[in-house]
Amino acid sequence: MEIRPDGAYRSIHSPFDAEILAFLSLPIASELVAEGRLVASEVVTRDDFDSETLVLRHPRVSFQSYPWEWPPALWLAAAELTLNLCSDLIKQGWLLKDATPLNVLFRGMEPVFVDVLSIERAVPDRPLWIAYGQFVRTFLLPMLAHSRLGWPLQVSLTRRDGYEPEEIFAALSWPARLRQPALSAVTLPSLLANKAKGNSNLAARTVKDPDLAKEIILKTLSNLLSQMRRVTPAYRSSTWTDYAETATHYNDDDHSRKRAFVTEALAASKPSRVLDMGCNTGVYSMLAADAGAEVVSIDTDLQTVDRLCAKLKGSGKNILPLCVDLAYPTPAVGWENSETASFLSRCAGHFDMVMMLAVIHHLLLQAQIPMDRIAALCSDLTTENLILEWVPPTDVKFQELLRGRDDIYTHITQELFRDQFGKYFRVLREMTLSNGRILFHLKRQ
């Protein structure tokens, strides 16, 4: 795979090129692309490629995200796409030979399957889905471990191949082991592991009736879908999930004026791509989307991001909610740190507006990031505009985060803020709310 500005290029060598070309010529391939479920593929010939090698160009998904940044709702959406796509393929004599979350990207809240080479012809008399184990290890077991044991989904960053059933089995209590889907996905495979190791021909088993083989696989996919939906938790409440509705440090007039300020800044700037840092319940992300922007919304609170996903489902708004901590952003990982890109490198040059509303005091006091570094990062993240809310040291939320460390942070003042951000931005407009907070619309210099 080679990523270029005009698309992602994949080289396919003989004899595998014939099969993928055969699939791409079918009506179902065009239908899946038209529905947005499968990435488009274009056969290209270029001077810098081997003429005997098939080269496919895929359009780039605007902002690439990874499973370790997804809330549970996006994990479920990716799983549903994978299983339903495979079901549709099975009915046409094809299937997915791979089933990992890394084969899925998101356009807003809509998942798209991007690994076209995972599609292959089904063996007519084989009743077993070859990717079953991979789906369980990389989709079902991480979600089960998250919902039943509290293991973070972010662990998938270092667990590319997911979990083995035995790992989850050892951590579950016996009552939990006997409840579905743990019974079939964890307990039985763990107890029968030694016997299964001696049966290497299991995947090669066949049945005489191809229609029966097809129905068995479809039933397997349906069961996995039910298990995934059962084990994915509904969004839970946290300190931040009701923040916008319960915040007492804004009066109604402040709320209205803040929304109006952001709306006017969006209208004046007409951004195409917005990064909303500390999006919380997504109030301002939705304003940006309504203004025609493509939005990436990030927050550190998983439950809040998951709740935003629930609000966005079926809305058609082009908003991608991710769980990312800007103070500890997703690193580049894999061989030589080159297999998956860091969050900051994916942001570089991508956004023409960044919104940082009621976030800066968290970075200053909780993450202990110096003001000059925050200003520099904001300059790196936006190519043009920044909407920022300054929270003064007298603010009740600023005081809560001080935790008796007043003497350490006496240097944090509005003057310091203006001085450091003035190195990178000029003020287009500012407005002081009655609670003392100041809204800024800044332009990158």
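A Förster radius of 41 Å, combined with the Cβ-Cβ distance separating E110 from Y409, puts the computed FRET efficiency at roughly 0.40.
For the chain, the antiparallel share of DSSP beta bridges with both residues in that region comes to about 60%. The longest part of the chain holding none of the exposed loop GluC sites (Glu not before Pro), meaning those outside H, G, I, E and B in DSSP with at most 13 other Cβ atoms within 10 Å, is 53-338.
Once the C-beta distance of N223 and L26 is scaled by a Förster radius of 25 Å, the resulting FRET efficiency is 0.40 to the nearest 0.05.
Database remark: amide H of E294 closer than 5 angstrom to the amide H of R273, V274 (H placed geometrically; neighbours at sequence offset of 5 or more, or on other chains; Pro and chain starts carry no H).
Report the residues of the range 412-445 in range of a label on A268: point 7 Å along Cα→C-beta, backbone N strictly under 11 Å from it. Residues passing the 11 Å test: 427-431, 440-443. Annotation: amide H of L322 within the under-5 Å range of S297, I298, D299, sequence separation 5 or more or interchain, hydrogens built in the peptide plane. The Cα center of the range 342-417 and the Cα center of the range 38-111 differ in position by 36 Å.
Element breakdown for the range 1-86 at a 1.4 angstrom probe: carbon and sulfur atoms account for 51% of the accessible area. When all alpha carbon pairs of the range 285-332 are counted in 5 Å bins from zero, the resulting P(r) reads 5, 22, 27, 22, 15, 8, 2 %.
Per-residue extension of 0.36 nm, minus the Cα-Cα distance of I216 and R160, leaves a gain of 17.3 nm for this segment.
Distance distribution P(r), the range 321-397, all Cα-Cα pairs, bin width 10 angstrom from 0: 16, 46, 29, 8, 1 percent. Beyond 22 Å, how much of the Cα-Cα pair distribution for the range 312-445 remains, as a whole percent? Counting every Cα pair in the range 312-445, those more than 22 Å apart make up 45 percent. Each Cα pair under 8 Å and six or more residues apart adds its sequence gap; the mean of these over the residue count of the chain is a relative contact order of 12 percent. Taking the helices alone, the chain has a mean residue ellipticity at 222 nm of -10500 deg cm²/dmol, built from -39,500 (n - 2.57) per DSSP H run of at least 4 residues and averaged over all its residues. Per-residue 3J(HN,Hα) values for the range 14-19, derived from phi via the Karplus relation 6.51 cos²θ - 1.76 cosθ + 1.60 with θ = phi - 60°, read 5, x, 6, 5, 5, 5 Hz in sequence order (x marks Gly and Pro). Note that the range 362-427 presents 50 Å² accessible area per residue, ligands and nucleic acids not counted, probe 1.4 Å.
Straight-line reach from K311: taking Cα to Cα under 26 Å and skipping same-chain neighbours fewer than 8 places apart, the lysines in range are K258, K270. Return, ordered by residue number, the residues of the range 1-34 whose backbone nitrogen is under 13 Å from a label point located 7 Å along Cα→Cβ of E52. Backbone N within reach: 13-15. Karplus-based coupling profile of the range 417-429, in residue order and whole Hz: 4, 5, 5, 6, 6, x, 6, 10, 9, 10, 7, 8, 6, with θ = phi - 60° in 6.51 cos²θ - 1.76 cosθ + 1.60 and x standing for Gly or Pro. Using R0 = 41 Å, the C-beta based FRET efficiency linking Q366 and R429 works out to 0.90. Backbone phi angles across the range 133-150, fed through the Karplus curve with coefficients 6.51, -1.76 and 1.60 (θ = phi - 60°), yield HN-Hα couplings of x, 5, 4, 4, 5, 9, 10, 5, 5, x, 6, 5, 5, 5, 7, 9, 10, x Hz in residue order; Gly and Pro are listed as x.
One decimal place: the segment Y132-K313 gains 62.4 nm when fully extended, by the rule 0.36 nm per residue minus the C-alpha distance. In straight-distance terms, cross-link reach from K208 covers every one of the lysines whose alpha-carbon lies under 28 Å from its own, apart from those fewer than eight places away in the same chain; here that gives K91, K97, K195, K197, K219. Once the chain from A234 to L401 is taken as fully extended at 0.36 nm per residue, the excess over their C-alpha distance is 57.1 nm. Size descriptors for the chain, from the alpha-carbon set: Rg then Dmax equal 24.8, 80 Å. Ranked by the mean number of other Cβ atoms within 10 Å of their residues, highest first, the peptides 354-366, 295-307 come out as 295-307, 354-366.
The values are calculated or read from the model by the stated rules, or taken from the named source; none is laboratory data. Bear in mind the structure is a predicted one, so any value in this text is a computation, not a measurement. Positions of Cβ are generated from backbone atoms using ideal geometry, with glycine treated the same way; all protein chains shown enter the neighbour counts. Ligands, DNA and RNA are excluded from the accessible area calculation, which covers all protein heavy atoms including side chains. Shrake-Rupley method; radii C 1.70, N 1.55, O 1.52, S 1.80 Å.
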